[in-house]
Protein chains: 2
Amino acid sequence: MFLYGESREQMMHVAGMLPFTPAPDSSPDHLRELMNELRTGATAQSPWNLKLRTPDLLWNPLQSWVEEPNVDLEYHVRRSALPTPGDERELGILVSRLHGHHVDFHRPPWEMHLIEGLERGRFAWYLKIHHALVDGYTAMQVLINALSPDPDERDRPLFFSVPPKPRAIRPPTVAPEGGDPANPAGDPAAGARGINYPELLAAVREQYGASKTVVRALMNVVQSSRSGDHELVSPLEAPKCLLNARISKSRRFATQSLPIDRLRVLAKAANGTLNDVVLALSGGSLRTYLLEQNALPATSLIAMLPVAVRAKDDTGGGNALGAILATLATDIDDPAERLARIVTSTTRAKQQLQGMSKAAIMQYSALLTAPSMLQMIPSTAGHLRPTFNVVISNVPGPERALYFRGARLEAAYPMSIPVHGQALNITCNSYAGMVCFGFTGCRDSVPHLQRLAVYCGEALADLEHAVLGA
Amino acid sequence: MFLYGESREQMMHVAGMLPFTPAPDSSPDHLRELMNELRTGATAQSPWNLKLRTPDLLWNPLQSWVEEPNVDLEYHVRRSALPTPGDERELGILVSRLHGHHVDFHRPPWEMHLIEGLERGRFAWYLKIHHALVDGYTAMQVLINALSPDPDERDRPLFFSVPPKPRAIRPPTVAPEGGDPANPAGDPAAGARGINYPELLAAVREQYGASKTVVRALMNVVQSSRSGDHELVSPLEAPKCLLNARISKSRRFATQSLPIDRLRVLAKAANGTLNDVVLALSGGSLRTYLLEQNALPATSLIAMLPVAVRAKDDTGGGNALGAILATLATDIDDPAERLARIVTSTTRAKQQLQGMSKAAIMQYSALLTAPSMLQMIPSTAGHLRPTFNVVISNVPGPERALYFRGARLEAAYPMSIPVHGQALNITCNSYAGMVCFGFTGCRDSVPHLQRLAVYCGEALADLEHAVLGA
């Protein structure tokens, strides 16, 4: 699927932007020294040494991964620098530009950029991986494995030299259902992995047994929509919006990081989840942005959220991966009311899934979101009514601060994949007490994208004022 | 032609790498201030506001240029910075990387990169233009027009804001034939423009009248080859060589600048031209490089040179554009003997052309070089025997130093187009008393390309020692 989607404008790679504060005792040349390490015998472990068997024929049905015996690490690992003043804006411009270039399919499809010249002697990594090689969640796990909770550890190899651990590529174990409402069962894991379409579609093909339940569930969704029950969002509700345009090959990227504790307080007060607050902040930001662009649809924007729920037939610890549609309540001015509406919407959607078997959940999710795949075909994008307006994922990350040879990882911002018909993607990571938002969009279809990040921060203050009276 | 050739690996853009010494009184933020100018109303004049009518169908026979009313100058003009130490090597790495990215055909196909962080506070421009928009020679003229011979002029607009002058896109007038042997009639102009295949092929189609002369000339070439007369190089002589491999999408770039006076002294001593000395230095460098790679062919490498000669039927000042093949004498160890062999080879080849009409010259050149176009098709590259091994062009540039708002242009290095079957390109500019060599190659097919630049400098010393006994 991710190879099929690759085109001049659609690039199916994900990335992370990772700013670091250097160790107090670090050499000013530590990034150069890192490059010298590469030149003197660093190795690329699986999957970082895998390339496509037929790179000139991406859609080959016999496509597969083969080992590249001579990985040219000086190609994959690159040094860059920011022009003055080296502020967040310049960093955003550089990584936007890097994100707008294709990976080279004649090589293992990943790149690591060591970026120097950030303010106050700081540096950043930009790490790009094609989604066909590993999904964003696995990449995040591998990266976390390559960092250390110990600021005094100084001999950690670069991530691609770490031998693969089977543990690292399994989904994490899942908290019990109905647990901490600010960290609900499974949501983060699924959000992290993104929607795994091949898996979903395979399930649809292979497991027809679940069909009746699914058809009943879909009928529920559609009927609730027709009867004016807008709590359960159907694929027929999303309005036309500038976010659902064709895209160009250029990207813009903006970031925001917010204290996770402030989001948790709001989630608890609204009897919702952390995800619900993320949706409310996204909705508030999008409302302000679209109002300013004079392009706010009369009815609310609809978000698609990857979620994991425990299926009724699953007695193990595993979670089923699914997708739900939820309102962003962008038609509502009051932030507290918006959050309440979102909580109701996601609760109903998850209830719907929780009554199903694992196979049914996957099949249902595939059907719910499948029309959106049509949007990826250039000629239809922007013409069909969208199934949803924006994908919002929430990726769980480590709670403790992490270090690379004494340099402290300040934040972990995910960069995702805009496609034709979905010109904006919002993905969040939690890390060390923060929720890090990454807004990845098409440079041309989503003008002034960086304002979304600013408005997202303002939306938090507005929501606190409305919900807590702060 | 240049649109037809565009593919994932073959990118038909040319570029210039232009290092500057800043004005003594320049603000440390002068590049930022330049960007601010763009944001406050700079305009893009023709041809910098032209884009393709059907960018998704490059080969459209009805393809044409249309005006883009809203040129996004912040897209086209970009700031970059070098990582430490900001030396020539880091500059080479950055521009190699920039040269390996496609232009976006949904916009006017050019980019300007303002690169800071060079040693001693210096900066550089990297200017990329698709060959379908303007040829390298015209681009050079436009750029020169955008600079000033006056270091005190401080209000010159950026080149894309300068209204087009018809004068700038005509080929330069030509020195009389048989003039200064170190600056031979016409050679530079043709070298600058590169081989204009469409023009050549159109001439072939339309002007059959010249056929007899051409066939006779070709027969001459082939017969001289069969009879062991190796002074006149035929298309049957080029050996197989690593330079004639398939290419990847990544580039390497290396530069060398040499005092033009030293080359002129050698040209005079050998009764040859500046071009002959450029070939001798290229040949010397390639011999050392290929010996080191254990890949020197037993017979000499053959270069293709764009040249302009005065046709026998041309009574005006104009020159015909043609191509000749010349030996690089890489099978000869002695530098003086190598230069002598080259002088003989180019002299014979130009005599051959000078006896022809203008139409015949173009037709002859097209036939001579046409088999090489087959090499551009991926499946044949590396299998067919090459018609020639490397294209070497020599571009004339301004003799006086040029300035941009007080910043002195230190050198002007051309970056050209490797294609399948021609993994290396050598192009030279003369500028302000120097000959600036640009070696542009495929990162994978031409390993350690930067050594070619080093060996080119050493070849000059060797040649002086051999010819002048210095």
* When the Karplus curve 6.51 cos²θ - 1.76 cosθ + 1.60 is applied with θ = phi - 60°, which whole-Hz ³J(HN,Hα) does each residue of segment B:35-41 get, with x for Gly and Pro? -> 5, 5, 4, 4, 6, 10, x
* Asked: Under a point spin-label approximation (7 Å from Cα along Cα-to-Cβ), what is the B:Asp333-B:Arg53 distance to one decimal in nm?
  -> 6.2 nm
* Within segment A:380-470, report the GluC sites (Glu not before Pro) that DSSP leaves as loop and that have at most 11 other Cβ atoms within 10 Å. => A:Glu399
* **Charge sum, other residues only, whose C-beta stays under 13 Å from B:Arg400's C-beta, Lys/Arg counted +1 and Asp/Glu -1** => -1
* To do: Over segment A:60-168, give the accessible area per residue in Å² for a 1.4 Å probe, as an integer.
  => 37 Å²
* With a 1.4 Å probe and every protein chain left in place, work out the accessible area per residue of segment B:234-297 in Å², rounded to a whole number. => 35 Å²
* Asked: How far apart, in nm, are two points set 7 Å out from the Cα along the Cα-to-Cβ line at A:Leu468 and at A:Gln293?
  -> 3.1 nm
* Asked: Taking every residue in A:80-91, how many Cβ atoms of other protein chains lie within 10 Å of its Cβ, on average?
  -> 4
* **FRET efficiency estimate (nearest 0.05) - Cβ-Cβ, A:Asn70 to B:Asp87, R0 25 angstrom** => 0.35
* Hey, got the average number of other protein chain Cβ atoms within 10 angstrom for residues in B:103-112? -> 2
* Mind grabbing the interface size between A and B? I mean buried accessible area, both sides, 1.4 Å probe, in Å² to the nearest hundred. => 2800 Å²
* **Cα-only Debye scattering, segment A:78-169: base-10 log of I(q)/I(0) at q = 0.12, 0.19, 0.24 Å⁻¹** => -0.46, -1.05, -1.28
* 27 Å Cα-Cα threshold exceeded, pairs from B:Lys249/B:Lys358; B:Lys240/B:Lys268; A:Lys128/B:Lys128 -> B:Lys249/B:Lys358; B:Lys240/B:Lys268
* Asked: Of all the accessible heavy-atom surface of segment A:15-146, with the other protein chains kept in place and a 1.4 Å probe, what percent is carbon and sulfur?
  -> 53 percent
* Alpha-carbon spread of segment B:22-176, three principal axes, descending order, Å -> 50, 39, 39
* Tally Lys/Arg at +1 and Asp/Glu at -1 over every other residue whose Cβ is under 10 Å from the Cβ of A:Cys442; what's the total? -> +3
* Heavy atoms of A:Val162: accessible area, 1.4 Å probe, square angstrom to 10 -> 30 Å²
* Amide H neighbours of A:Gln45 under 5 Å, counting only residues 5+ apart in sequence or on other chains, H built in-plane at 1.01 Å? -> A:Ser161, A:Val162
* Asked: Going through segment A:47-101, which chymotrypsin sites (Phe, Trp or Tyr not before Pro) have at most 15 other Cβ atoms within 10 Å and a DSSP loop state?
  -> A:Trp59
* Asked: Loop-only check: which trypsin sites (Lys or Arg not before Pro) in segment B:1-71 are DSSP coil with at most 13 other Cβ within 10 angstrom?
  -> B:Arg53
* To do: Multiply the residue gap between A:Gln354 and A:Glu153 by 0.36 nm, knock off their C-alpha separation, and tell me the result in nm, one decimal place.
  => 68.0 nm
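The values are calculated or read from the model by the stated rules, or taken from the named source; none is laboratory data. Computed from a prediction, not measured in an experiment: that's the story for all the values here. Positions of Cβ are backbone-derived with ideal geometry, glycine not excepted, and every protein chain shown enters the neighbour counts. Calculation scope for accessible area: heavy atoms of the full protein, side chains included, ligands and nucleic acids excluded. Shrake-Rupley method; radii C 1.70, N 1.55, O 1.52, S 1.80 Å.
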